[in-house]
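Comments concern the structure below.
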Amino acid sequence: MMDLQGTIIDEFTFTNNYDGIASLASRLTMDDRVVMESTGSVWTNLYNHLDDAHIPVVLANPLKTKAIASARIKSDEIDARILAHLLRTDLIPESYVPTKEIREVRALIRHRTSIVKIRTMVKNKVHAIVDKNGLEHDELFSDLFGKAGMQWLGTIQLPSLDKLMLDNHLDHLESLKKQIHAVDQEIHARASRDEDVRLLLSMTGVDIFTALLVRSEIGNISRFPEYKKLISWAGLAPSLHQSGSIEYHGSITKQGSKMLRWVMVEAARVAVNHDEEPYLSRNQRRYEEKLNRIE
């Protein structure tokens, strides 16, 4: 702990669990300020507890902090002192922290995404068993995991070990289906209360999942004074290289949220396919023709 003159008035360590954070909070008042780096997901537990206790917390951007206060010798104690000095002199490069509700939505969206990834892995394992045993099904149904496909999977004859693994995978898929359904219900409930989500749903290519993901990743859109700032923050702006007076534009920068970038690209593809006016489709064709000329 450091006062405004830079004098250290207390030094201690604490564990990043309920008891440790409670011990820290007992030493603080609402007049104090806490600074921490937004490294990985470790900071979230501490931040949430202090935020609930109405203790002001400043979240430092670790990349920009290192640029301001580089040191040859690094340790947690040294980093803590550097952060404290930067805080008292108002030199902390802050990371944006959305509201608790938005943080919960982000966690919900990412939880659903992780479940869907697991489902895809399990489906690939089912395909591998079917292909391994040379079982043809393309003429019977188009979707192996649709109603007809699942019935077929439950009746096919397989070696005992393959049958055991297939049954386990099918049970796993059924469990994942229920989990996704439960998460989707929560997503719909939260989306129905958000006016920004309803506005996003009016756009071609945007469903409830996409709208809530975009809403939660951007957070407070008013922090972007113009659309170009938002595009740049999302990593969707073309990269720029300069050589003298000549500018070269390359692929998108891919900075910022990977999930936001992914879902915006997917939404754009849907929008192109459902474009009632030829503007998007025409631009897409021009882009593809340009790539063909380069090749």
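The values are calculated or read from the model by the stated rules, or taken from the named source; none is laboratory data. Not measured: the values here are computed from a predicted model. With ideal geometry, Cβ positions are generated from the backbone for all residues, glycine too; neighbour counts draw on all protein chains shown.
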Q. If you take the residues of region 183-206 that are outside any helix (DSSP H, G or I) and of a type outside the set (D, E, K, R), which of them is surrounded by the most Cβ atoms within 10 Å (Cβ to Cβ)?
A. 206
Q: Would you mention how many residues in region 150-176 are of a type outside the set (A, V, I, L, M, F, W, C) and either in contact (Cβ under 8 Å) with a residue 40 or more places away in the chain or buried (at least 17 other Cβ atoms within 10 Å of the Cβ) (or both)?
A: 2
Q. Can you name the residue in region 102-133 that is free of Cβ contacts under 8 Å to residues at least 40 places away in the same chain and of a type in the set (A, V, I, L, M) and, of all such residues, is farthest from residue 209 (Cα to Cα)?
A. 130
Q. Is it true that residue 129 is of a type in the set (Val, Ile, Thr) and either outside the structural domain of residue 113 (by TED's automatic domain parsing) or modelled with pLDDT under 95 (or both)?
A. no
Q: Would you point out which residue out of 23, 38 is surrounded by 12 or more Cβ atoms within 10 Å (Cβ to Cβ), under 30 Å from residue 189 (Cβ atoms) and either among the polar types (S, T, N, Q) or without any contact (Cβ under 8 Å) to a residue 12 or more places away in the chain (or both)?
A: 38
Q. Pick from 62, 56: which is within 26 Å of the chain's Cα centre (by Cα) and modelled with pLDDT of 90 or more?
A. 56
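In region 256-279, what residues are modelled with pLDDT under 85 and either hydrophobic (A, V, I, L, M, F, W, C) or more than 20 Å from residue 215 (Cβ to Cβ) (or both)?
If the condition is that a residue be modelled with pLDDT under 85 and either hydrophobic (A, V, I, L, M, F, W, C) or more than 20 Å from residue 215 (Cβ to Cβ) (or both), then 271, 272, 273, 274, 275, 276, 277, 278, 279 are the ones that fit.
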Q) Which residues, counting only those in region 127-157, are in a loop (DSSP other than H, G, I, E, B) and among the hydrophobic types (A, V, I, L, M, F, W, C)? A) 135, 140, 141, 144, 145, 156
Q) Under the condition of being small (Gly, Ala, Ser) and under 21 Å from residue 77 (Cβ atoms), which residue from region 26-49 is nearest to the chain's Cα centre (by Cα)? A) 40
Q) From 28, 83, 4, 46, which residue is at pLDDT 90 or above, out of contact with any strand residue (DSSP E or B) (no Cβ under 9 Å at 6 or more places or on another chain) and of a type outside the set (D, E, K, R)? A) 4
**Q.** Residue selected from region 215-240 under the condition aliphatic (A, V, I, L, M) and assigned to a helix (DSSP H, G or I), by the criterion nearest to residue 109 (Cα to Cα)
**A.** 218
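Of the residues 104, 94, which is among the acidic types (Asp, Glu), closer than 26 Å to residue 259 by Cβ, out of contact with any Pro (no Cβ under 9 Å at 6 or more places or on another chain) and assigned by TED's automatic domain parsing to the domain that holds residue 176? It would help to see each step written out before you state the result.
On the way: 94 fails: assigned by TED's automatic domain parsing to the domain that holds residue 176.
Every option except 104 fails the conditions.
Across region 222-242, which residue is nearest to residue 257 (Cα to Cα) among those that are aliphatic (A, V, I, L, M) and within 20 Å of the chain's Cα centre (by Cα)?
234
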Q) Which residue pairs have Cβ atoms closer than 6 Å, lie 6 or more positions apart in sequence or on different chains, and pair a first residue in region 82-100 that is closer than 27 Å to residue 219 by Cβ with a second residue that is part of a loop (DSSP other than H, G, I, E, B)? A) 86/92; 93/61; 95/38; 95/61; 98/219
Q: Scan region 82-141 for residues that are of a type in the set (Ser, Thr, Tyr) and either within 16 Å of residue 190 (Cβ to Cβ) or within 24 Å of the chain's Cα centre (by Cα) (or both) and jot them down.
A: 95, 96, 99, 113, 114, 120
